[in-house]
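To start, the structure under review is shown below, and the notes come after it.
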Amino acid sequence: MGGIIIGHEVGRALGKDALFLERPDGVFHLRRGFALEKGARVLMVEDVVTTGLSSREAIAAVAREGGEVIAECAIIDRSCGSVDLGVPFYPLLAIDFPTYDESDIPAALASVEVTKPGSRKE
């Protein structure tokens, strides 16, 4: 996921292997050549969590590979504590970004060109 370098460093600090997932066909899989031992207990490491959709998809991918995500940590939680990942979640920083209905956008924001953030291509 988005936390490859972060995951590597957390693994290094804990003396544990760090694996990562990729979406070559739109669905998360372990990176080519990686494998989990059946029953492996996994700490998911992410850079930013917004809605939790990618995290939940990644947790499901780990389960398909025979592992169990026991918790997730992230640098930033953009949901400000409202996201439910189905496992304990430990962000370093929770930020609450306001959202607006299309008809309610403040004038200062309405003048900014809209871009689609994130890694999803749809």
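Listed values, structure above:
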{"quantity": "Hits in the stretch 1-30 - residues which are part of a loop (DSSP other than H, G, I, E, B) and surrounded by 11 or more Cβ atoms within 10 Å (Cβ to Cβ)", "calculated": "MET1, GLY2, GLY3, LYS16, ASP17, ALA18, LEU19, PHE20, ARG23, VAL27, PHE28"}
{"quantity": "Options GLY52, GLY67, GLY39, GLY33: the member that is touching a strand residue (DSSP E or B) at 6+ places or on another chain (Cβ under 9 Å) and exposed (fewer than 10 other Cβ atoms within 10 Å of the Cβ)", "calculated": "GLY39"}
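Read-outs throughout are calculated quantities, based only on the coordinates presented, and are distinct from any laboratory measurement. Note that this is a predicted model, so its numbers are computed, not measured. Virtual Cβ from ideal backbone geometry, glycine too; neighbours counted across all protein chains shown.
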